[in-house]
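See structure below.
Where a number appears in this text, it was derived from the coordinates with a stated rule and is not lab data. Bear in mind that the values here come from a model prediction, so they are computed numbers and not experimental data. Quick reminder, even Gly has a Cβ in these numbers, built from the backbone with ideal geometry, and neighbours come from all protein chains shown.
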Amino acid sequence: MPELPEVETTRRAISQFEGKVIESSKVNNPNLRWKVDKNFESIINNFKINDITRRAKYIIFNSDNYSILLHLGMSGSLRILNRASNHFKKHDHVEFIFEDKKIIYNDPRRFGSIHLTKNIKSHFLINKLGIEPLEKKFNGSYLFSICSKSRAPIKSLIMNQKNVVGVGNIYACESLFEAKINPLKESSLLSEHECTSLAKCIKKILKNAIKVGGTTLKDFYSADGSAGYFKFKLKAYGRENEGCLVCDEKIIKTVQNQRATFYCNNCQI
Ligand SMILES: [Zn+2]
């Protein structure tokens, strides 16, 4: 599933279209998690993109009147083709056609979505989201203030989108490993020092993944390339029964909120 780093890498890859005009659009198949607006093609016609931003895992094309709000769901991807290309793939749902290129939205499992809105800030998918992990506002004192009021395990707290957005399961496991904090620990028991360390580790892990994404960008977006999500070296996630890279104890796997959690019971307290 595309996580925040993949979405941010996707946004960067298409940022070349800022200031460009979508001359027309084509909805090949409107059936996504929500049906694409039946007026989409008529509205997305000579649509000048002022900028392309990201909020949580949403990519947003802003124009003077409307915004296009796009989510990649479980299996969605965008690819860039020359306008004249006839390289179509199954599950190419929507095409954005520019002067000499086009962006194609492909989603085999259809959990993604494309919405049109005149008021992006109050859109129901956006208006209840927590703060961005890479912004300055997300720091030790912020994390400490919400932790001190919560009896939830710390891993659940950082994965709750109302607290902070975009910390998916893999990144939560890796950040807690890096910060040497047990994922099962009750949030209210974390010290301010631990919260500062955890906030820093979350930023570090996400930035590293974005960096790796940037270096693999060329393969990731080649016109006929498949939408494989990039891999960076994982220290805890997926390493059940393998030796901890710090102390060599076996990494433990458990399940929290139906999601796999991997941690070292020796290093993470
Ligand atoms: Zn260890």
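Here are the numbers for the structure shown:
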{"quantity": "Length added when fully stretched, Asn28-Lys207, from 0.36 nm per residue minus Cα-Cα", "calculated": "60.9 nm"}
{"quantity": "Estimated dipole of the range 78-198 in Debye, rounded to 20 [Cβ of Lys and Arg +1, of Asp and Glu -1, Cα centre]", "calculated": "400"}
{"quantity": "Debye log10 I(q)/I(0) at q = 0.14, 0.16, 0.17 Å⁻¹ for the chain, Cα point scatterers", "calculated": "-0.98, -1.18, -1.27"}
{"quantity": "Residue-averaged 222 nm ellipticity for the chain, from DSSP H runs of 4+ at -39500 (n - 2.57), nearest 500", "calculated": "-7000 deg cm²/dmol"}
{"quantity": "Computed magnitude of the charge dipole of the range 1-74 (debye, nearest 20; Cβ of K, R +1, Cβ of D, E -1)", "calculated": "160"}
{"quantity": "Cα-centre dipole for the chain with unit charges at Cβ (Lys and Arg positive, Asp and Glu negative), debye to 20", "calculated": "340"}
{"quantity": "Over the range 37-194, relative contact order from alpha-carbon pairs under 8 Å, at least 6 apart, %", "calculated": "18"}
{"quantity": "Relative contact order of the chain, pairs being alpha-carbon contacts under 8 Å that are 6 or more residues apart, as %", "calculated": "17"}
{"quantity": "Nearest-0.05 FRET efficiency for Glu240 and Glu41, computed from C-beta distance (R0 51 Å)", "calculated": "0.60"}
{"quantity": "Selection from Val246, Ser197, Ile210, by position along the positive dipole direction of the chain (Cβ)", "calculated": "Ser197"}
